[in-house]
């Protein structure tokens, strides 16, 4: 065998394969972590949107039409009523608040499952009656 016919030794091939495998493992783990966090962020964004949508609907109504109580609805990602929807929106209106009948507290809780873990986001506001 001449000096020009050199190749890689077995140990060099094993080390190179091990380094490549480690890099692939780290990149794959990072990808799965990043994609799961992206899904969580999507759920939080959608939950916040559904909660804000309900608050804006109630704030556009007359104060006198707000009756104390709790309502629950099951929704899809776009806010449409769907019995098989992923999101559950619970609206609670409390009257009177802080000892006055001229205030109402509105709390909207949106719940969904992220894999097997239940997630909830709650938005709360106080609405008042204008006038004398």
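Within the range 78-96, being surrounded by fewer than 17 Cβ atoms within 10 Å (Cβ to Cβ) and in contact (Cβ under 8 Å) with a residue 24 or more places away in the chain holds for 86, 94. Within the range 121-132, count every residue that is in contact (Cβ under 8 Å) with a residue 40 or more places away in the chain, over 20 Å from residue 44 (Cα atoms) and touching a strand residue (DSSP E or B) at 6+ places or on another chain (Cβ under 9 Å). Residues meeting the conditions: 3.
Show me the strands (runs of 3 or more DSSP E) entirely contained within the range 60-120 in which 1 or more residues are more than 22 Å from residue 47 (Cβ to Cβ) and in contact with a helix residue (DSSP H, G or I) (Cβ under 8 Å, 6 or more places away or on another chain).
Passing ranges, in order: 103-114.
On the basis of being free of Cβ contacts under 8 Å to residues at least 60 places away in the same chain and either within 29 Å of residue 42 (Cβ to Cβ) or part of a strand (DSSP E or B) (or both), does residue 52 make the cut? No, not satisfied. Among the residues examined, residue 47 does not qualify as under 16 Å from the mean Cα position of the chain (by Cα), at pLDDT 85 or above, more than 30 Å from residue 97 (Cα to Cα) and part of a helix (DSSP H, G or I). What are the residues in the range 57-77 that are closer than 17 Å to residue 105 by Cβ and in contact (Cβ under 8 Å) with a residue 12 or more places away in the chain, if any? Listed by number, the residues that qualify are 58, 59, 63, 64, 66, 67, 68, 69, 70, 71.
Of note, residue 3 satisfies the criterion of being part of a loop (DSSP other than H, G, I, E, B), more than 25 Å from residue 103 (Cβ to Cβ), at pLDDT below 90 and out of contact with any helix residue (DSSP H, G or I) (no Cβ under 7 Å at 6 or more places or on another chain).
The values are calculated or read from the model by the stated rules, or taken from the named source; none is laboratory data. The shown structure was predicted, so the numbers you read here are calculated from the model rather than taken from an experiment. For neighbour counting, all protein chains shown are included, and Cβ atoms are generated from backbone atoms with ideal geometry for every residue, glycine included.
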